[in-house]
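The values are calculated or read from the model by the stated rules, or taken from the named source; none is laboratory data. All values reported here derive from a predicted model rather than from experimental measurement. Here the Cβ is made from the backbone with ideal geometry for all residues, glycine too, and neighbour counts use every protein chain on show. Ligands, DNA and RNA are excluded from the accessible area calculation, which covers all protein heavy atoms including side chains. Shrake-Rupley method; radii C 1.70, N 1.55, O 1.52, S 1.80 Å.
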Amino acid sequence: GAAATGLPGTAGSGRRPRHRSADDFSKREGSHGSHDAGLRGSGGGGGRDTEDAASVLLAALRGDAPRGPPREGGGEKYQVAPLQGRIDRVQLLFMGMPRWQGPPVAAAPDWQATMEAIARITDALALLTAAARSGTGRNLDRHRVESIAFPTIVLVLLSLAAAFARAAAVLDGTHVCEGSSSSAASAAGIAWRALVVARQFAALDAASRRSELYSLFAHLPDSQELLIRIEHLSGAVLLLMHPTPEVPASPAGRDGGGAVGGNGIDHGGSGSSGGTGPAISVPEMCAVQAQLNIVKMEQWLVLHAGRVSNAMEVLTAQFGTSTMVQESPCSFRDASFAEKVAVGSISSYQCRLQAAWHFEQSIRLLPKSMHRGGLLLHQMMLELATSLMQAAASLAQDITIGPVLDASGYRRSLASLVSADQLLERAERFVDAAGHPGMSALVQANRGQLRSLGADALLSRANSEDAGLPELVLSEEEMAALRQLSEDYSADEDDTDCDDGSGDGLERDDEKGQLLTASQYFGRLGDRATSLVMAAQKSVDIVVEPEAALILALMSSGVLQTAAARLWSCPPEGVVETECKRAAVSMLTQSLAILPQGSHATGGLAHQAALAPGLCAHAHLLQGEIHIESQLLGAEKPQNKYQRVQWHLERARGAIHGAAAEGGIPSSGLLLVHLHLMHAKLLLGSSSTGSKKALERAVEELVLGCRELRRSCEGGELRLGLQEEPAQGSTCLALAAPPSPAWADVAAHLLKHLRAALRDLCTRRGAATSCAVAERSADGVCWKDFYRSALQLNTGWDVVRVPTLYDALARTSEPSGPRNRPAAAAAPPPPRWRRRCRQR
């Protein structure tokens with residue numbers, strides 16, 4: 001079995017064989033005992049031996065790491081996890097973290113050799129059991145055979161688990177349990193079962209002292225090294241079971257690849273390069289054979305349940321109690337854990353928390369001589385921090401904050417935010433100890449994003465009771481959570497010029513535990529969010545960490561826009577509107593200055609192509625809305641106001657359409673609908689004197705907004721709530737409820753302003769009173785008929801029927817001729833109408 005896969009521990013993991021003689025083993029027996037030689041004995045041989053042992057173990061961990069396919073464009077070391085705040089018309093809040101993915105697969109695993117190895121060790125176990133039962137093995141040195149068999153079994157199972165984990169890792173961007181084939185879907189489950197069995201055999205090996213081995217088996221690693229590799233690979237497999245949802249990346253951001261700064265987590269290879277890489281698929285017969293052999297090993301362990309139980313108790317005592325992860329969501333003996341993940345009984349948070357627990361145990365199993373630093377400890381601490389960051393992201397992504405939030409939902413959101421912040425605090429300690437400035441800045445910025453979510457949740461809680469923030473009464477539990485989130489844990493927090501304007505004027509050295517009002521907590525959360533993210537963005541050098549600096553710039557722009565939107569929607573007491581407008585516009589201008597300049601496709605990063613155009617368009621859109629809705633503009637002329645808003649409209653359209661030409665951005669349809677709505681509001685505001693041309697243009701913009709809403713519904717964005725196409729002969733689509741409050745809000749505003757514009761057109765001075773001679777649009781639609789149809793719409797979401805109604809009225813309208821001209825109309829049609837009739 002050992003020969004089937006080469007030298008165990010060397011060919012499968014990339015480590016060099018260590019040839020030792022029998023004299024070497026006799027010397028080790030006299031000094032350190034039998035199995036304490038390897039990693040444990042390296043501490044007594046000096047620093048050189050410790051470095052050699054650490055390098056060998058690091059090579060083994062890198063060889064066991066799951067490897068995915070090369071990413072298109074390459075060089076992306078970080079991923080972006082979206083968060084759901086109050087503003088959902090564009091992605092403003094998100095968390096950045098290292099991407100858990102090893103180097104690209106150079107070649108497919110040798111399934112034949114792996115299956116042959118596991119079949120031979122299964123047969124050896126059966127022969128050993130039969131010899132023990134028949135009594136023929138009384139003269140056999142059973143202990144010596146087990147000293148060889150147990151580590152060999154563990155090595156073969158590690159090779160098997162790594163092969164199936166690599167097959168699961170190629171499902172890039174999809175859930176590992178929802179693969180394209182049944183063999184790939186069960187790859188993670190087979191890997192997990194193999195690791196559970198390997199852990200029990202490694203515990204048996206650790207519980208019994210190894211006898212003196214022949215020189216042929218001198219390369220076998222000790223039980224401590226095997227246990228470290230098992231726990232490390234277990235954490236990696238758990239992270240593969242629940243990949244972190246990311247912001248949809250535009251193809252434009254992956255066209256021009258370029259090497260960028262890494263995140264410090266090296267899985268044993270260089271950065272991925274362009275290309276598709278070899279396709280790895282699990283042969284069905286190999287998956288079936290592997291499961292059958294694992295079942296036979298499990299049956300052997302059941303026959304020796306007493307020995308296994310005692311060995312696992314010793315191993316559990318060696319693990320101890322975790323100081324970071326308070327509890328382990330599942331037992332590490334549970335072989336059916338992967339199946340529970342597949343059916344959804346284990347959440348993504350529990351899966352990632354369990355992964356962090358395994359990474360922590362792998363560090364605990366290291367000898368004390370390796371805890372003094374070095375590349376091995378640096379690597380393992382960064383991996384533990386990554387798992388903690390992903391666990392915190394899973395908690396934050398489960399929080400959905402709408403316009404209103406009831407008391408129970410608010411308490412659940414606060415509890416999740418506090419738990420996620422505690423995980424990030426622990427991750428920050430490990431990253432700081434490892435000395436990685438890019439990851440440390442990302443952790444700090446992520447904590448700022450959580451506080452921005454807390455401010456949004458508090459505002460939604462106040463809106464649910466139809467009361468302002470000053471009148472909101474908080475419970476003791478809620479105040480304790482808000483106090484923990486709003487306290488200034490950093491003594492050297494940088495002061496920034498940006499302030500969301502919602503501060504309460506309190507000093508920074510307030511005593512901890514002081515009771516504050518809801519408005520004061522709201523201001524402090526916004527202030528902490530902005531300060532943490534901006535300080536993290538300034539602490540990273542763009543030359544050393546270009547990708548981390550880019551993500552931090554996007555996060556800073558998003559948190560500034562969120563703070564400006566909160567300030568404008570909920571201004572603090574005692575502050576005049578002009579001051580709020582000035583502060584909001586200042587923050588939006590700063591958010592635009594932070595964004596990367598130039599074409600979004602030239603950077604070669606999917607994060608910039610997916611998020612930067614939307615952030616740029618939303619900042620201009622929000623500035624235009626602030627200028628339109630501002631009431632105290634005595635010093636500003638209407639013409640200047642119109643030109644300023646028109647300038648923001650052009651910049652927002654340029655950002656959206658420029659990104660669409662390069663591949664598109666997520667949720668661009670909703671931003672375009674808001675642009676048409678804002679243009680219509682600008683035209684309606686300028687038509688106070690009853691300008692017919694401005695009113696007609698406003699109606700046209702509103703109809704275009706309805707068309708864009710319908711196009712987004714029919715253009716593949718199924719989340720918009722539209723069902724299948726209507727039956728033949730139907731005049732409208734079958735509608736469902738809006739998918740999110742953002743779509744419902746923009747639809748209601750479209751209907752409201754459309755009715756207002758049509759009413760002004762029909763009732764303005766000089767308009768005809770008879771429908772037969774009423775003024776029509778350029779398409780021949782009678783404004784009065786259109787107004788009647790708009791009044792018959794029941795809800796705001798029915799505006800998706802407006803394009804159908806408009807086209808139907810345009811088709812049924814016929815130009816006035818000599819035969820159907822009414823008798824009351826003595827005057828000929830206007831010259832413009834004649835020219836259009838000739839053109840038709």
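Okay, here's what the table says:
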read-out: Packing-based ranking, highest mean first, of 388-401, 424-437 given that Cβ atoms within 10 Å are counted; value: 388-401, 424-437
read-out: Relative contact order [Cα under 8 Å, 6+ residues apart], the range 532-591, whole percent; value: 33
read-out: Over 28 Å (Cα to Cα) - which of Lys641/Lys784; Lys637/Lys681; Lys340/Lys368; Lys296/Lys340; Lys538/Lys641 fall in this group; value: Lys641/Lys784; Lys340/Lys368; Lys538/Lys641
read-out: Linear extension gain, Ser309 paired with Lys340, 0.36 nm per residue minus alpha-carbon span; value: 8.8 nm
read-out: Distance (nanometres) between label positions extended 7 Å along Cα→Cβ at Gln646 and Thr795; value: 3.8
read-out: Estimated vicinal HN-Hα couplings, Hz - the range 295-312 in sequence order (Karplus 6.51, -1.76, 1.60; Gly, Pro = x); value: 4, 5, 5, 4, 5, 5, 5, 5, 5, 10, 4, x, 5, 5, 5, 5, 5, 5
read-out: Alpha-carbon gyration tensor eigenvalues x 5, square-rooted, for the range 335-395, Å; value: 27, 13, 7
read-out: Amide H partners (placed H, <5 Å) of Val80, local residues excluded; value: Val247
read-out: Cα-based convex hull volume of the range 384-495 per residue, rounded to whole Å³; value: 111
read-out: FRET efficiency estimate (nearest 0.05) - Cβ-Cβ, Ser347 to Leu216, R0 60 angstrom; value: 0.80
read-out: Relative contact order for the range 335-411, counting Cα pairs under 8 Å that sit 6 or more residues apart, in percent; value: 37
read-out: Principal axis dimensions, the range 339-448 - Cα atoms, whole angstrom, descending; value: 54, 36, 17
read-out: Between the range 546-566 and the range 418-488, the alpha-carbon center distance in angstrom; value: 16
read-out: Percent accessible area from carbon and sulfur atoms, the range 409-489, protein chains only, probe 1.4 Å; value: 44
read-out: Note, ³J(HN,Hα) from phi for the range 443-457, Karplus 6.51, -1.76, 1.60, rounded to Hz, x at Gly and Pro; value: 5, 5, 5, 5, 5, x, 4, 5, 6, 5, 4, x, 5, 5, 5
read-out: Extension reserve of the Leu515-Glu477 stretch, reckoned as 0.36 nm per residue once the Cα distance is removed; value: 12.5 nm
read-out: Estimated distance in nm for a label pair at His657 and Glu577, the labels positioned 7 Å out from Cα along Cα-to-Cβ; value: 3.2
